[in-house]
Structure formats: structure tokens, C-alpha cells
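Chemist: Got a structure for you, questions after.
The values are calculated or read from the model by the stated rules, or taken from the named source; none is laboratory data. Model, not experiment: these values are computed from the prediction. Positions of Cβ are generated from backbone atoms using ideal geometry, with glycine treated the same way; all protein chains shown enter the neighbour counts.
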Amino acid sequence: MLEIRNLHARIAENGTEIIRGLNLTVNKGEVAAIMGPNGSGKSTLSYVIAGRADYEVTEGDILWNGESILAMDAAERAAKGVFLAFQYPMEIPGVATMEFLKVAMNAQRKARGEEPLKIPEFLKRVKAAAASLSMNMDMLKRPLNVGFSGGEKKRAEILQMKLLEPSLCVLDETDSGLDIDALKIVADGVNALRSPDRAMIVITHYQRLLDHIVPDTVHVLYKGQVIKSGDKSLALTLEKDGYAQITGEAA
């Protein structure tokens, strides 16, 4: 279970506070959607959960399975099962996608006390996961995300998620830049990972993603706080009426 308690976080470089007393609980097996107007702190929340170094937590705590992760760096959090899918995945020239996947998977296995994958088993797993996302294996021979379209980058991230099998998945606007076909493929990949042992946070502006990844809970973020929570019907209300009434009530 993810528990975020009275979280305050700011940009380390200039001290601008973005998250201002945020409280949130996401249970195992739950898909929680985070929505809110631009500038409300949605992406910042994802970065802080994942341990991005240029954000500083000044108050509160983040617990994953009852253990505080604030003192852990990003790699340690990843070893604990935390995965972040970026809104804009980074291109990494010179790093072959297949080599990246192999190193990442074996690092996770080592953290769990498991033996590294041998090449035949590694290739078997990658091919099966790529096929489920309609990805051509030739794409994985290229440097990570280099020359990928927006949809290909998002599929590559969902591929990583399928292979690494994290227990906490945070998807930051994973629908950004996707056409309808790519959106469905990515959503199907995410839905295939729904599990009683896995929690998911889906950050989005739009109901169209939640038509495919139906959330159990919806939370509205505004000025760095969760100001309203509800079931999937809340997202439909937001799509119809916008944020003005809810944010006005919170002002």
C-alpha cells in the first residue's frame, strides 16, 4: 500500500513549493487516477514518488508497504518495485534498447536475490512482451528511444514495465502524443498488468484514457493538494463540467 502523508515538496534549485500538504492512499490492486488543471503538481508528484533528485521534500512522508522511501535514491526505490513511466521519455543515444532492458531486468533480479537471466530466457521474455504491444523487434535493436515516434516511446516504456514487473506503477500522462490505435495498445498493455499485488497511479488530463484504463478511484489535485476524491464517475463529471466548480470550492 502507498501512503502519502502531509507531503510538502519544492524545486530544489529555486525553492518553489509545488506540493503543499498532499495526502493520498493507494491500496494494492487499485488503479488510482490523478487529474487536475495544469500546474496543480501532478507531474511533480510522480517525480517525488520516484525519487527525482531535483525535487526536495520538506515535510511529510511517503510509505510503500509500510516503509518510508524518502531516504532512498531512485535506484533503491526502483529495487523496491517503484516504476515511473514518463510523459516525455528521454532519448539515450549510444545505449542499445536490448542492453538497457537486460541490465535493468538483471538489476531488479539481483535486488530480489534471484539469478540473472540467461540470454535465451531473456530473449524469450522480451519477444513475448514486445508481441503483446505490437512492437517490431527491429525497433529494440536501436538506441533507447532514439528516432522513436511518440507512440513507440510510450510502448517502449510499457514494455519495460511488463518486463520489470514493478509493484507500484506511476504513469505520468502516458496518453500524451498517442493516436487512437496506439492509445488502445498501450492501455491494453497496462490493463494486462493489473494485479491484486500491484498498485497503479495514472496521471491524466483526459477521460479518453480512462475509457480504456478504468480507475477504481479518482483524485483531483489542485495547488499541490488532493481536494476531492471519488470513484470513476468523478472523471466523467470533470470531463463534462471542468474543474472550475471543484477548485472554486477549495479556494
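Chemist: Right, GLU99: in contact with a His (Cβ under 8 Å, 6 or more places away or on another chain), loosely packed, with under 15 Cβ neighbours inside 10 Å and either of a type in the set (Lys, Arg) or modelled with pLDDT of 90 or more (or both) or not?
Modeler: Considered against the rule, which asks whether it is in contact with a His (Cβ under 8 Å, 6 or more places away or on another chain), loosely packed, with under 15 Cβ neighbours inside 10 Å and either of a type in the set (Lys, Arg) or modelled with pLDDT of 90 or more (or both), GLU99 comes out as no.
Chemist: Restricting attention to segment 195-242, which residues are more than 25 Å from GLY177 (Cβ to Cβ), in a loop (DSSP other than H, G, I, E, B) and of a type in the set (S, T, N, Q)?
Modeler: Correct list: SER195 only.
Chemist: While we're on this one: From the list LEU117, LEU140, exactly one residue is hydrophobic (A, V, I, L, M, F, W, C), surrounded by 14 or more Cβ atoms within 10 Å (Cβ to Cβ), closer than 24 Å to ASP188 by Cα and more than 21 Å from the chain's Cα centre (by Cα). Which is it?
Modeler: Step by step, each of LEU117, LEU140 is checked, and only LEU140 is hydrophobic (A, V, I, L, M, F, W, C), surrounded by 14 or more Cβ atoms within 10 Å (Cβ to Cβ), closer than 24 Å to ASP188 by Cα and more than 21 Å from the chain's Cα centre (by Cα).
Residue-by-condition table, conditions (1) under 17 Å from GLU157 (Cα atoms); (2) surrounded by fewer than 14 Cβ atoms within 10 Å (Cβ to Cβ); (3) touching a Lys or Arg at 6+ places or on another chain (Cβ under 8 Å); (4) at pLDDT 95 or above:
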position	(1), (2), (3), (4)
ARG20	no, no, yes, yes
GLY29	no, no, yes, yes
ALA32	no, no, no, yes
GLN87	yes, no, no, no
GLN108	yes, no, no, no
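Chemist: Also, I was wondering about something else. Being out of contact with any strand residue (DSSP E or B) (no Cβ under 6 Å at 6 or more places or on another chain) and either part of a loop (DSSP other than H, G, I, E, B) or buried (at least 22 other Cβ atoms within 10 Å of the Cβ) (or both) is the filter; apply it to segment 173-182 and report the residue that is modelled with the lowest pLDDT.
Modeler: Once the filter is applied, the top-ranked residue is GLY177.
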